[in-house]
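Structure first, then comments.
The values are calculated or read from the model by the stated rules, or taken from the named source; none is laboratory data. Values in this document were obtained by computation on a predicted structure and should not be read as measured data. Neighbour counts are summed over all protein chains in view; Cβ atoms, including those assigned to glycine, are modelled from backbone coordinates with ideal geometry. SASA here: full protein model, heavy atoms, side chains in, ligands and nucleic acids out. Shrake-Rupley method; radii C 1.70, N 1.55, O 1.52, S 1.80 Å.
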Amino acid sequence: MKRRTFWTGLAVLATAALLGSVVLIADHLSPQKAEQGQGRAAIGGPFSLTDHTGQAVTQDILKGKLSLVYFGYSFCPDICPTDLQLIAQALDQLSPEELADTQALFVTIDPERDTVTQMADYVALFHPSIRGLTGTPDQIAGAARSYRAYYKKISAEEAGTVDYLMDHSAFIYLMNRDGDFVRVFGHGVNPDEIVEWIRKVRAG
């Protein structure tokens with residue numbers, strides 16, 4: 001248990017360090033300027049994955065909706081369930097019209113265990129507007145690079161657990177209707193803040 005806590009702590013520290021390296025231009029801009037593209041080259045890009053229904057998807061699924069994108073894995077002991085719960089709480093605060101205009105994408109960084117079936121079962125625990133995405137190791141690595149998401153496999157021996165764990169960053173990326181980056185939220189963000197930004201971007 002102590003080792004698990006240690007690796008969880010490392011993941012949180014990695015998240016904090018990476019957050020420091022991301023220029024949060026949107027913090028100092030109006031939603032209009034944020035949507036005009038400042039920072040969009042740094043976060044996001046092409047990907048080719050498979051969703052939890054078995055449908056092949058690309059970055060085009062970001063078009064036409066506001067998207068919350070999160071990288072994690074279904075066997076995550078605490079960080080991912082916490083953040084997915086926060087995403088679900090934010091989605092629950094949206095009006096029916098706002099919800100129809102918003103989606104959340106949960107991208108696994110553990111394709112070895114996170115099959116289509118596993119992802120379907122897992123995202124169903126949180127919210128119907130969360131879409132699980134998996135793929136080959138190369139596809140996952142490419143998507144993670146595009147979003148500057150860090151992850152690393154930790155053996156069961158190193159972690160002191162029955163099975164291996166994945167050390168990873170924990171960002172929630174907000175993308176606009178064009179699939180461009182608007183803002184990143186850190187682990188444990190208040191759902192009210194997510195809702196506030198969704199409404200700001202929708203209002204233009």
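Taking region 169-182 as the range and being open to solvent by 10 Å² or more (accessible area, probe 1.4 Å) and either of a type in the set (V, I, T) or on the phi > 0 side of the Ramachandran plot (or both) as the test, only G179 passes.
On the basis of being open to solvent by 20 Å² or more (accessible area, probe 1.4 Å) and at pLDDT 95 or above, does Q85 make the cut? For Q85, the condition - open to solvent by 20 Å² or more (accessible area, probe 1.4 Å) and at pLDDT 95 or above - is met.
L29 fulfils the conditions (1) hydrophobic (A, V, I, L, M, F, W, C); (2) more than 21 Å from M166 (Cα to Cα); (3) at pLDDT 95 or above except for a single criterion, (3). Of all residues in region 189-203, those satisfying the criterion of being open to solvent by 30 Å² or more (accessible area, probe 1.4 Å) and either within 15 Å of K65 (Cβ to Cβ) or in contact with a Phe, Trp or Tyr (Cβ under 9 Å, 6 or more places away or on another chain) (or both) are E193, R199, R202.
If you filter region 169-190 down to residues that are outside any loop (DSSP other than H, G, I, E, B) and of a type in the set (A, V, I, L, M, F, W, C), you find that the one that is farthest from D110 (Cα to Cα) is V182.
On the stretch given as region 126-148, residues that are of a type in the set (A, V, I, L, M, F, W, C) and in contact with a helix residue (DSSP H, G or I) (Cβ under 8 Å, 6 or more places away or on another chain) total 3.
Of all residues in region 146-168, exactly one satisfies the criterion of being open to solvent by 70 Å² or more (accessible area, probe 1.4 Å), in a helix (DSSP H, G or I) and in contact (Cβ under 8 Å) with a residue 60 or more places away in the chain, namely E158. No other residue among A34, A56, A42 is surrounded by 21 or more Cβ atoms within 10 Å (Cβ to Cβ), more than 15 Å from the chain's Cα centre (by Cα) and either modelled with pLDDT of 95 or more or farther than 28 Å from Q118 by Cα (or both) apart from A34.
Kindly evaluate G186 against the criterion of being crowded, with 21+ Cβ neighbours inside 10 Å and under 17 Å from the mean Cα position of the chain (by Cα). No; evaluated as a whole, the condition is false for this residue. Among the residues of region 127-145, those that are part of a helix (DSSP H, G or I) and either open to solvent by 20 Å² or more (accessible area, probe 1.4 Å) or small (G, A, S) (or both) comprise P137, D138, Q139, A141, G142, A143, A144, R145.
Take the conditions at pLDDT below 90, more than 24 Å from A141 (Cβ to Cβ), out of contact with any helix residue (DSSP H, G or I) (no Cβ under 8 Å at 6 or more places or on another chain) and open to solvent by 40 Å² or more (accessible area, probe 1.4 Å) and apply them to L24. Does it pass? Criteria met by L24.
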